[in-house]
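The values are calculated or read from the model by the stated rules, or taken from the named source; none is laboratory data. Quick caveat, the model's predicted, so the values are computed rather than measured. Ideal geometry is used to build each Cβ from the backbone, glycine not excepted, and the neighbour counts take in all protein chains shown.
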Amino acid sequence: MKNDVFERALAAYLCFAAGDALGATTEFMLPREIRDKYGIHDKIIGGGWLHLKAGNVTDDTEMSLAIGDSLIENGGYTVQGAAASFARWMKKKPVDIGSTVRRGIVNYVTKRSVVSLYSTFSAGNGAAMRNFPVVLYCLKDWVWFEEITISQCHITHNNELSDMATLVLGEVVKALIETGDKRAALDIVSEFIKKDPTFSHSKYNGEASGYIKDTFRTVMHYFFDSDSLYETVVRTVNQGGDADTNGAIAGMLAGALYGMDGIPQKWLRALDQDVVRLITKQTEDLLNAPMNVILL
């Protein structure tokens with residue numbers, strides 16, 4: 001059972017990075033523009049508006065690794081440790097950083113504040129995109145998941161819509177890692193949508209922006225409407241819009257469901273191998289790390 005959990009957790013993290021790398025090529029494009037240029041985009045080739053080298057990832061994977069590193073290096077979760085890790089990442093001048101993320105990190109660097117001001121403009125997907133290491137860390141003691149998640153979210157994204165979506169995505173990927181049961185994931189999402197129907201993906205209209213509701217609806221539409229990992233991720237990134245983040249989150253869910261065997265070998269070979277090694281080690285370290293939480 002433990003080996004199954006590790007395998008699905010690793011597949012989720014690696015496919016998160018693969019979805020990020022795939023989606024970076026088609027970010028901000030329209031579906032028809034993607035079709036005209038690539039036909040079906042399913043190769044990790046870099047490019048895109050960021051002009052990435054093939055195999056490189058974006059802020060989605062980099063910030064995930066940053067928060068994972070903070071959990072391991074600090075011997076547990078502290079919000080100061082998470083914020084400091086984000087600040088170190090930003091100091092390296094990443095290839096991409098969202099305006100809300102930048103504002104929150106600058107707020108920490110200049111004021112040592114670890115809670116950004118509440119804003120309706122913070123309902124983006126920038127907190128949800130980096131929370132997977134928190135899921136892995138909390139699998140051993142889930143009672144801490146909500147508090148740690150909200151704490152790390154609010155460093156940059158203080159908004160209830162971001163909070164809600166980040167939490168339910170965590171619950172979904174936890175269920176998939178532990179059970180490999182797509183129906184269990186659907187039950188969680190259905191209960192969430194009953195509470196807030198505005199997140200419903202049942203009549204998906206193709207909006208794939210970085211707004212958290214658009215991300216949630218895009219990911220859930222393609223995850224539940226697809227029958228393989230490849231189909232889930234490829235259909236998501238070919239929708240364009242915020243394709244790197246949407247592709248990463250879709251990849252996370254698909255990896256947790258379909259496991260390592262579902263990930264195309266060409267994607268694993270094309271990914272930056274340093275990233276593959278970091279993800280592999282971090283997955284094992286987070287699953288084995290003792291729980292230690294200081295929220296203040």
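Given the residues A208, A254, which is the only one that is buried (at least 22 other Cβ atoms within 10 Å of the Cβ), over 22 Å from L30 (Cα atoms) and not aromatic (F, W, Y)?
That would be A254, the only listed residue that is buried (at least 22 other Cβ atoms within 10 Å of the Cβ), over 22 Å from L30 (Cα atoms) and not aromatic (F, W, Y).
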- Task: Name the residue, out of I40, I105, I44, that is assigned to a helix (DSSP H, G or I) and either in contact (Cβ under 8 Å) with a residue 12 or more places away in the chain or under 19 Å from the mean Cα position of the chain (by Cα) (or both).
- Result: I105
- Please state which of the following conditions D261 fails to meet, knowing it meets all the rest: (1) on the phi > 0 side of the Ramachandran plot; (2) surrounded by fewer than 17 Cβ atoms within 10 Å (Cβ to Cβ). (1)
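Considering only residues of region 41-53 that are charged (D, E, K, R) and within 26 Å of L257 (Cα to Cα), which is surrounded by the most Cβ atoms within 10 Å (Cβ to Cβ)?
The initial filter retains those residues of region 41-53 that are charged (D, E, K, R), namely 42-43, 53.
Remaining after also requiring within 26 Å of L257 (Cα to Cα): 42-43.
On the way: D42: 18, K43: 15.
Per the criteria, the residue is D42.
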- Report the residue count in region 3-40 for those that are over 26 Å from A175 (Cβ atoms), of a type in the set (V, I, T) and surrounded by 15 or more Cβ atoms within 10 Å (Cβ to Cβ). 3
- Tabulated pairs, region 135-146, first more than 12 Å from K174 (Cα to Cα) and at pLDDT below 95, second of a type in the set (D, E, K, R) and crowded, with 19+ Cβ neighbours inside 10 Å, C-beta under 7 angstrom, 6+ apart or interchain: none
- Note on the structure: Output for Cβ contacts, cut-off 9 Å, separation at least six or different chains, first residue of a type in the set (K, R) in region 10-37, second assigned to a helix (DSSP H, G or I), reads K37/T26
- Task: Taking Q239 as meeting all but one of (1) part of a helix (DSSP H, G or I); (2) closer than 19 Å to V57 by Cα, write down the number of the exception.
- Result: (1)
